[in-house]
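One structure is given below, encoded as structure tokens.
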Amino acid sequence: MTKNVADLLVECLEAEGVDRIYGLPGEELAHLMMAIKDSDIDFVPVRHEQGAAFMADVQGRLTGEAGVCLSTLGPGATNLLTGVADAHLDKSPLVAITGQASREKLHKESHQMLDVVDVYDSVVEWNTQLDDAAVVNESVRKAFKLAEYEKPGATHLELPEDVASETVDDDPLPTRDPVRRPDPDEQSVE
């Protein structure tokens with residue numbers, strides 16, 4: 001079935017076990033918000049992006065599964081950054097998703113344009129721009145795997161609005177097993 005990239009991204013999030021996203025959307029995320037609305041994922045709106053990141057951080061700390069937060073481009077993404085950095089420094093699994101203007105507007109004068117991938121680079125384990133529909137499912141899997149495994153922390157995905165609306169004929173990767181980490185209260189047998 002042909003769908004748009006935003007629909008595929010949401011299907012991938014569902015395959016990763018995401019049941020809620022905290023965030024403050026903007027117009028660049030219109031396709032993604034419609035895909036979330038049509039899914040089983042609950043969208044929890046917040047008054048400030050920092051609150052979304054801290055809520056996702058706490059969810060990650062309590063469950064061991066990455067909490068997910070969402071913001072728009074520019075100042076929205078930088079507002080999210082403080083909570084993302086806190087989650088990363090405290091080894092809390094978190095996946096941040098930010099919107100971005102269309103690729104054709106990047107590197108030209110556009111409203112609120114920041115290189116968010118570059119800004120986030122020093123405070124996350126891994127981050128990328130989803131600039132090609134063919135890499136969405138693998139990028140989502142990698143973001144969750146790196147956020148949750150061995151040394152948990154934050155990861156980041158940026159979705160340009162023109163990519164979100166592109167049609168794609170792809171499916172999420174198969175559902176993965178939950179992360180199994182040693183129980184810190186368990187006595188080791190020697």
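State the antiparallel share, in %, of DSSP beta bridges confined to the chain, rounding to the nearest 5. Could you put the intermediate results ahead of the total?
Working: 2 of 25 bridges.
Taking every DSSP beta bridge with both residues in the chain, the antiparallel ones total about 10 percent.
Give, as ranges by residue number, the residues of the range 118-135 whose backbone N falls under 18 Å from the point 7 Å along Cα→Cβ of Lys151.
Output list for this probe position: 121-127.
To the nearest Å, what is the center-to-center distance of the range 129-169 and the range 6-29, using C-alpha atoms only?
With the range 129-169 and the range 6-29 each reduced to a Cα centre, they are spaced 11 Å.
Within the accessible area of the chain, what % is carbon and sulfur when the probe is 1.4 Å and the other protein chains stay in place?
Working: 4670 of 9750 Å².
Carbon-and-sulfur percentage of accessible area, whole number: 48.
On each of the three principal axes of the Cα atoms of the chain, give max minus min coordinate, whole Å, ordered largest first.
Principal extents (largest minus smallest coordinate, Cα): 62, 37, 26 Å.
For the range 1-124, what relative contact order do you get, as a whole percent, if you take Cα pairs closer than 8 Å and at least 6 residues apart?
Numbers: 208 pairs, mean separation 29.0, N = 124.
Once normalised by length, the contact order is 23 percent.
If packing is taken as the average number of other Cβ atoms within 10 Å across a peptide's residues, how do 23-32, 45-54 rank, most packed first? Could the numbers behind the result be given before it?
Working: 23-32: 21.3, 45-54: 19.6.
Highest mean packing first, the order is 23-32, 45-54.
Given the pairs Lys37/Lys91; Lys3/Lys91; Lys3/Lys37; Lys37/Lys151, which are separated by over 26 angstrom at their Cα positions? Intermediate results must be reported in sequence, preceding the final value.
Numbers: Lys37/Lys91 30 Å; Lys3/Lys91 35 Å; Lys3/Lys37 15 Å; Lys37/Lys151 32 Å.
Checking Cα-Cα distances, Lys37/Lys91; Lys3/Lys91; Lys37/Lys151 exceed 26 Å.
Please give the contour-minus-distance gain from Arg20 to Asp132: 0.36 nm per residue of separation, less the Cα-Cα distance, rounded to one decimal in nm. Walk me through the numbers on the way to the answer.
Numbers: separation 112, 0.36 × 112 = 40.32 nm, distance 2.50 nm.
That works out to 37.8 nm of additional length.
Tell me, in nm to one decimal, what length is gained between Ala30 and Leu62 on full extension, where the rule is 0.36 nm per residue of separation less the Cα-Cα distance? Provide the component values of the computation, followed by the final result.
Numbers: separation 32, 0.36 × 32 = 11.52 nm, distance 3.01 nm.
Going from the current span to full extension adds 8.5 nm.
The values are calculated or read from the model by the stated rules, or taken from the named source; none is laboratory data. Predicted model only: the values in this text are computed from it and were never measured. Counting neighbours? That spans all protein chains shown, and the Cβs are built from the backbone with ideal geometry, glycine included. With ligands, DNA and RNA removed, areas are computed over all heavy atoms of the protein, side chains included. Shrake-Rupley method; radii C 1.70, N 1.55, O 1.52, S 1.80 Å.
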